[in-house]
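Participant: Take a look at this one; I'll ask things after.
A short reminder: the numbers here are calculations on the coordinates, not readings from a lab. Here the structure is a predicted model, which means the values were calculated and not measured. Cβ placement follows ideal geometry from the backbone for every residue including glycine, while neighbour counts extend to all protein chains displayed.
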Amino acid sequence: MKTDSLPTNADPASPPARAVARFRAAYHAEPSVLARAPGRVNLLGEHVDYNAGWVLPVAIDRAAYVAASPCPSHLASLSALDLGESASFRLTELDAGLDVTGKPLPAWARYPGGVAWALMQRGLAAGGLDAVLTSDVPVGAGLSSSAAVEVAFATAWQALGDWTLSPMDVARACQQAENQYVGVACGLMDQFASACGQAGHALLLDCRTFEWEPVPLPAGAAIVVADTGVRRQLGKSEYNARRAQCDAAVAELAQVLPGIQALRDVSVEDFNRYAGRLPPLVAQRARHVVEECARVPAAVGWLRQGRLADFGAEMFACHRSLRDLYEVSSPELDALVDAARQLPGCYGARLTGAGFGGCTVNLVRSDRVDDFAREVIVPYRERTGLPAVIYVTAPQDGLRTWRL
Ligand code: GLA
């Protein structure tokens, strides 16, 4: 775990400075620790993490921050600065999912509650604490705002506790929190990227073995995030439905391909041979996954060789597949990708994250970034009537702690 003292020159309006200032104001004391965990964009490998495939996310420069101090009881008293809300729950009574007054935990507090629960499932102490949370990862935008909150709280509990987990194990505990406590059947990608991010690198994760390696982002390429301004719709139910369709495809294909455990185990050739056994909609969903699983290792080869146009072509192919086969795009996401495709210096563009709204990720020639950012907004507004928000980001380190 990276830990050092808080930069004293932090801009008072910055999220870490605001979290610390709010903590001081609320508790009339210094917080003991400040934890930071970033959001992510995914360059390639979408909706394959829960199919044991390969993903290629990047931790970004937007993050969740938790300023915290231990408190001697079993009480977690949390304040969500951006929402103007507070919640308190007993760490000894997490199974019930209730706050101290007996009401169901508010949705945002289920993330830290779930993290404490998952840590305790591992026999790790998640002790009482006072904490202030703030984040500049936009919510519902496909940039993993919830994973950032989970990893930031896990990091804060770790800093206050007498135990250490590897960043990968932090990620796995946070995934368990989201799967079993929050109730979203997500894969590992988001929590992994938030915990294990590396400056200057994309992260190639094998979601079966959990082995991963950093892949340097070639010089001359910039990552530009374009936000449709439309927040995710129907995310949880549609996400879980896609996952169930993948499981149904595996169960059926295992009749003719014995030994397969996940769609990652099915080659494109075998899939073409046996897809007719599947109900049409299940076949369509599974085709996206099988082809995406083949796309990632090939595309990573292009990236390593600096062949950005070839890598970008795979990003466009991924978007088409998410739009037409997996059906998780939206008219606004399609409009942003179509606009990006027309612009000089754009190697590739596609929706990032679960879809159903949110952001696109664009790989853009560094010297064209400003023009790209300015110009993509125009056709997007003409087609949708909406303003797009553009961020340029660079790959960042993952979880981090400051002792105060
Ligand atoms: C969400 C989930 C991830 C992953 C993506 C789609 O972000 O949390 O686990 O499945 O969707 O690739």
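Participant: How compact and how long is segment 97-220, expressed as Rg and Dmax of its alpha-carbon atoms in Å?
Facilitator: Rg and Dmax of segment 97-220, Cα atoms, are 15.1, 55 Å.
Participant: For a protection proxy built on the mean count of beta-carbon atoms within 10 angstrom, sort 194-204, 210-220, 242-252 highest first, please.
Facilitator: 194-204, 242-252, 210-220
Participant: If you bin every alpha carbon distance in segment 227-377 into 5 Å steps from zero, what whole percent lands in each bin?
Facilitator: 2, 10, 17, 18, 17, 15, 11, 6, 3, 1, 0
Participant: May I have the pair-distance distribution P(r) for segment 152-307, computed from all Cα-Cα distances with 10 Å bins from 0 and rounded to whole percent?
Facilitator: P(r) for segment 152-307, in whole percents per bin: 9, 27, 34, 24, 5, 0.
Participant: A further question on this structure: Quick one, what does Rg over Rh come out to for the chain if you take C-alpha atoms and the Kirkwood Rh?
Facilitator: Dividing the radius of gyration by the Kirkwood radius yields 0.98.
Participant: In addition: Using packing as a proxy for protection, rank 33-43, 126-136 so that the peptide with the highest average count of other Cβ atoms within 10 Å comes first.
Facilitator: 33-43, 126-136
Participant: Another one. In the Gaussian network model of the chain, springs joining C-alpha atoms below 10 Å, which of 24, 365, 341 carries the largest mean-square fluctuation?
Facilitator: Most flexible of the set in this elastic network: 24.
Participant: Picking from 140, 355, 259, which is most flexible by a Gaussian network model of the chain using Cα springs under 10 Å?
Facilitator: Of 140, 355, 259, the Gaussian network model singles out 259 as fluctuating most.
Participant: With the Cα gyration tensor of segment 181-259 giving a ≥ b ≥ c as the square roots of its eigenvalues, does the rule (a/c under 1.5 for rounded; else a/b larger than b/c for prolate; else oblate) give rounded, prolate or oblate?
Facilitator: It comes out oblate by the Cα gyration axes.
Participant: Also, quick follow-up: Summing -39500 (n - 2.57) over the DSSP H runs of n ≥ 4 in the chain and dividing by its residue number, what mean residue ellipticity at 222 nm do you reach, to the nearest 500 deg cm²/dmol?
Facilitator: One gets -12500 deg cm²/dmol as the mean residue ellipticity at 222 nm.
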